[in-house]
Structures are given as structure tokens and as C-alpha cells.
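Structure first, then comments.
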Amino acid sequence: MKMFSVSHKTVFVVDHCPYMAESSRQQVECDVLTKSRAQGMIPLAPVSKSLWTCAVECSMEYCRILYDIYPMDKLVNYIVSDSEFHILNSWRQEEQSTHELMSALAAVGPPNPREDPECCSILHGLVAAVEALCKITELQHEKRTALMDTAERVANRGRIICLTNAKSDTHVRMLEDCIQETILEQNKLAAGSDRLMAIQQCELVLVHIYPQGDDTLVSDRPKKEVSPLLTSEVHSVRAGRHLASKLNILVQQHFDLASTTITNIPMKPTLNVCEQEEQHANTSANYDVELLHHRDAHLEFFKSGGCTSTRENGLKETVTLKWCTPRTNSIELHYCTGAYRISPTDVNSRPSSCLTNFLLNGRSVLLEQPRKSGSKVISHMLSSHGGEIFLHVLNSNRSTLEDPPSISEGCGGRVTDYRITDFGEFMRENRLTPVSESSYDPSGKLPAERAKAQLERHTRYWPMIISQTTIFNMQAVVPLANLIVKETLTEEDLLTCQKTVYNLVDMERKNDPLPISTVGSRGKGPKRDEQYRIMWNELETLVKTHAGATDRHQRVLDCIIACRSKPPEEEDRKKRGRKREEREDRTEKNGSKDTDDKSWQDSERLKGLLDKEDQESEVIKDSPDSPEPLNKKPRLSTEDVQPPERAKGPVSLLSMWTNRITAVNSRKHQEFVGRASSVNNKFELYQHLKDENGMDVHENGKASR
């Protein structure tokens, strides 16, 4: 980024030719201040200013606003052009003031109407303006000498504002071509000189001034690029107040300024100063004062939803703030986020004079945003420092000065889960201690450099909040986290890190729970496989930040990557587990549905499972590689398992799975004869005693005599 923008240098070229002595035809009444006139007194005739007077007054207002807001860095060179050019000041800082310029303009005097127009031209001044832009300012010289190695970063750019009465659009194009040729010639001279700098960018702002009542012969034209070195724009303006408004808008555009209008300023009509505290409200009138300042003073205002209003036929935007009555003269501490110099738009008006005198006497004015409803919002404050008035931007949000946050809150809000204990351990591990001069490090690093390097390694990945980390909340990861930040790893350290990774793999195989924070989430939180995915991602991020240190660090990362790439059967097992969890969730969600429909659906699903299992058992039994089934103790009857009867509630997944396993196992062995021939699951014992003793045996197996 090159230093010094276009606004660093501004050259005013004001036409001093005879035609500038023509009247602007905007009359100024001189008799309006006379309240009583004696009989026989002739009224004063109105007067009108010349084009030259209008140009000088408006250009001086431009310079006054510029010097008020930028007293140091923005420079102006003023040139008057007639039969020759007259340079009224230089780029030196002591000549940058309206007093110097007004004294020089008084010496120049008004244009001479009797001078030969053929000998006068604005071109003399424009050529001198280009030559002035090539001259080095004090700030540019200071930066060039301070940056000898990178002197090309010091750019030379500037702006030329020409106030003239052009003849036609063709005349304007001729002036642009002349400036373009002069820039090329001056750049050639500057290339071989140490006291000159080539122009890298020049902006020409040509303001065509014509009297009121006449038709303009020059058309307005927005900014366009004439060449890579020159851009040009044309403004055709009537003399008088229209010219003053145009230059007021231009100074805002050129120097990134904005307008603020202070409304409802109470002021006694008969007093010369604002004595608002001592006077009653019904005896004073309210006035408005417009101020100019840097645009950054409105950033917070627009963020809070503020808007601008338009003034002067919609050509200029301004922000309206209301006067807030000050209650005390004592200096109060306000939470200020910015201070910007101000300049009144109409410096000679009585309201502006009253406001500036009031502030320069040591008083402060609070300004509030106008709102139709809601509480009062004080967003700005006017106060003077060292004889200069500043617009202060006040923080309308929560102030840290009035309510310091506790350690559990922090700067970003009420955060309550900082890793305070871990941070204390971190400070103990990185505590500085004095070192003797005799101690020598084989790497040749100074102790301070080694300490900075260690602190950098420990902070490459260090989450501040408990809910933002998983691995630092697990005791199983502590050995790896403590060793991976070391500058070098031994073979034993490498084995410890690999063992830690294998332990995590074993935890995942066992499906052990992880300390995942559920703050801000609804429900049960992420599922188990998602928890392990988050853990592995964070662990890989931690190790990656140190993988480039040594080969052993890289081997730890390779171990993690290898363990994360699971075999296909492991992935299938994970998928089956996810499906099982999804079925459980659906069962819980649908538990409130109709119980009859649910039982019927479960019965049909169980029939399908049993039929599928019958087919699978036949295939397994016919396979030559399948082992013989084991002889298990029967637990159910050999009859076909009937679908479960309709229950009063939904059948659980555990009951369905148990019934299925029991049915499958019952087909793998020969059923017990007693259970197969039982009645209501009851079998009569010792049936041979009936024939021998002639006893009558009931169906329930009990004998009766």
C-alpha cells in the first residue's frame, strides 16, 4: 500500500482574467439591518459580487474547512492566473493557513477589466499547478529518507481544482490536453532530479462559473479517465450560493467528510453567548447548527439503525442529533470510542458563533439520537481540548468501565466454562526463571528465544472454553497432549503416543462414552459414532500443528491416520449399530400410536424374520463347511411359534429379539418327549402306576382315591 493519497496535495487555480470581474447578478441587500429610517433618507441600493469575489470566498471556505479538520497532513497550494501565474503560498507547513492566503489575495487585488483578454489565460496557472505537484513536500521528504530501501512506496499524487469561466466544452478538452502534456514533460524532468517527484496520479476538478440568469455553455461531466495519469470531471455552477454549496459538497467528497446537524439548541435572542442553563426555556428560541467532521464518527450511529436526512434540495445528506441539556460544568468520564475535529458549515452565523463560544468556555454538550419512542440514546458529545472542538463518539452499549466482568464472564459475554484450571497448569509449565550465563544450549538459541519458541508450540492449538474441546477433557489423551508439544520426541515418547492412540481405538470399539458438551443443543446430543468422529478430528488437528517438527512427530500423525481408516467389516458394524439406534428412536417416537396397529405391524415383522431365518438355517445346514449345530436344552414347545398376542402396549425390541432367538434355537435339536406331548405345558408323571394300582389319574396328574 503506497503512502500519500490524492488528498495530500490540493492546488487551487483561480482565474484572474478580466471576464472574472463580471457581476454574478446575485444581489446582496445592504438596507435590511436598518430598523428605522429618517424621512428623506435614500435607501441603500443592493450590491452584487463579481465572479472573482464568489470564487475567492468559496475557495477560502473550502480551505477553512480543510484546515479545521486536517491541520497537519492535508496541504493546499493557491495559484492565481492572468497574464502570468502568481503562487500565493508553498507546501511548507507554516504557510498553510487561511490568514496567509487572505493576505496574499489582498495583495493580488481584483481583476482589471481594462486588461487585454488576449494576454490572459488560465493555462498559465494550470501549468504552474502541475509543476507544483512535482515538488516534494516536507512529509514526503521525511518518508523518503526514512524508507531508503522502499522509497518507491512514497507515491506522488494530487488534485487540481480550477475555478474559471470556460468558453465551451471544446475549451475544456483543450485544457485537459494541455495538462496531460505538461504532466508528461514534468515527469521526464523529475526522473533526473532528486528534488522533484514524478506524478503518478492527478485529478482535475474543473468548476465552470457563470452569472445568474445566463445559460451555461459548458455541460456537467462525471469523473472520467483521460489517461492512466489524469482523471477529469467538470461542474457547471451558477455563481453565488450555488457555488458555495457545490464546493461544500466537493470538500466532503475529497476528504471523506460527513455532516451532522445539531437541532433544538436553546439560545437567548438578545444574548451573544449560549446561557442555556440560566435562562428559562420559554424565553429562548431553538436553532440548528450544521457541523462537518470525518465520516468515521457516524459508523456506530448507522450500526445502531440511524439514518440520514437531506438538506438543500436533496443534494446533501446530514445526520440529525438533538441537543441534550448539560447538567453540570464538572468534567465527567464518558466511555468514548473516537474523537474527531469539527468545522461549522456557516462559521459566521450567530448560532454557530454561540455554539463554538459555549464549547470553548469549557462546557460539554451531550447529543442524543432523535427517536419517536423508547428511551433516550446519547451517542455523541461535543467538547473542546486545547482550543479545538471535537465530536466524541460515545459507546451506547454496555460499558466495561461501569461493570467490570468477572473471570467467569470474559470480554465476549457471560461465558462460564473457561478452562481456568488448565490455564493455571499452562502458566506453570511456561513460567520464566532466571538463567545463568554459563548455561549453554547446543542449538545456539538464547534463553529468551527458547522461551518464545516453547510458548509458541504450546499455543498452536489451545481451546479456551471447555465446550469447544473434547480431547482436553479426556484423561486418556493427556499423555499424548503433553508429549506432542515437545521440541523433540524420544523413542519412548513415540511409543507412549502410539499406545494412547491404540487405547482410543479400543475405547471406540467398546463404544465407551465421551465427554461431549451438550451446551446449546437439544435432545441427547450427537450419537456415539459422531462423538468419536469429532474426537478424532480434533486429535488430528492437534497433532498436525506439530507434525513438521521431527520425524517422530510425523509418525504419531501417521499412526492416527492409520487407525482412523477402519476395515470394511468395521464400517459395516458401525452401520448396523446406527440402524439399530435409528430403529430405537423411531420406536420411542411412535409409542403413542394406536396399540392394535402397532401390535399387528410387530407380528407381521416377526413373521418375516422367522421365515427368513428358516431359509437361512436350511442353507447353513446344507452347506458342507458349516459345523453341526450344538445340542441345547430346549426352552419352548416344538409347535410353531405363533405371533405374539395383541398386548395392551407396544412390544419392545428386546422381546421381539428374544422370541426370535428362542424360536431359531428350538429348531436346532430334537424336542423333549414330555414337553412335546404335554397338555397346557403339563405332563403326567409315572403313568405306568395307573395300570399297576388301578388308580384314577386326573388330567392334572393328581390321583384320587
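So which residues in segment 345-363 are of a type in the set (A, V, I, L, M) and in contact (Cβ under 8 Å) with a residue 40 or more places away in the chain, if there are any at all? If the condition is that a residue be of a type in the set (A, V, I, L, M) and in contact (Cβ under 8 Å) with a residue 40 or more places away in the chain, then VAL347, LEU355 are the ones that fit. In the set (1) at pLDDT below 90; (2) open to solvent by less than 70 Å² (accessible area, probe 1.4 Å); (3) within 36 Å of the chain's Cα centre (by Cα), GLN468 fails one condition alone, (2). Restricted to segment 284-393, the set of strands (runs of 3 or more DSSP E) holding at least 2 residues that are modelled with pLDDT of 85 or more and within 25 Å of MET72 (Cβ to Cβ) comprises 285-294, 336-341, 378-385.
Could you check segment 499-510 and list, in sequence order, the residues that are touching a residue at least 60 places away in the same chain (Cβ under 8 Å) and surrounded by fewer than 18 Cβ atoms within 10 Å (Cβ to Cβ)? Residue satisfying the conditions is TYR502 alone. I'm checking my understanding of the structure. Among residues of segment 93-137 that are small (Gly, Ala, Ser) and open to solvent by less than 60 Å² (accessible area, probe 1.4 Å), which one is nearest to SER50 (Cα to Cα)? This residue is GLY109. Residue pairs whose Cβ atoms lie under 8 Å apart, sitting 6 or more positions apart in sequence or on different chains, and linking a residue in segment 448-460 that is under 11 Å from ASN430 (Cβ atoms) and modelled with pLDDT of 90 or more to a partner that is open to solvent by 80 Å² or more (accessible area, probe 1.4 Å) and assigned to a helix (DSSP H, G or I), are HIS458/GLU429. Of the residues in segment 224-241, at least one is modelled with pLDDT under 90, of a type outside the set (D, E, K, R) and either assigned to a helix (DSSP H, G or I) or buried (at least 17 other Cβ atoms within 10 Å of the Cβ) (or both). Against the test of being acidic (Asp, Glu) and either modelled with pLDDT of 95 or more or more than 43 Å from the chain's Cα centre (by Cα) (or both), the options ASP15, ASP68, ASP73 yield a single qualifying residue, ASP15.
The values are calculated or read from the model by the stated rules, or taken from the named source; none is laboratory data. Everything numeric in this text was worked out from a predicted model, so none of it was measured. Ideal geometry is used to build each Cβ from the backbone, glycine not excepted, and the neighbour counts take in all protein chains shown. For accessibility, only protein heavy atoms count, side chains too; no ligands or nucleic acids. Shrake-Rupley method; radii C 1.70, N 1.55, O 1.52, S 1.80 Å.
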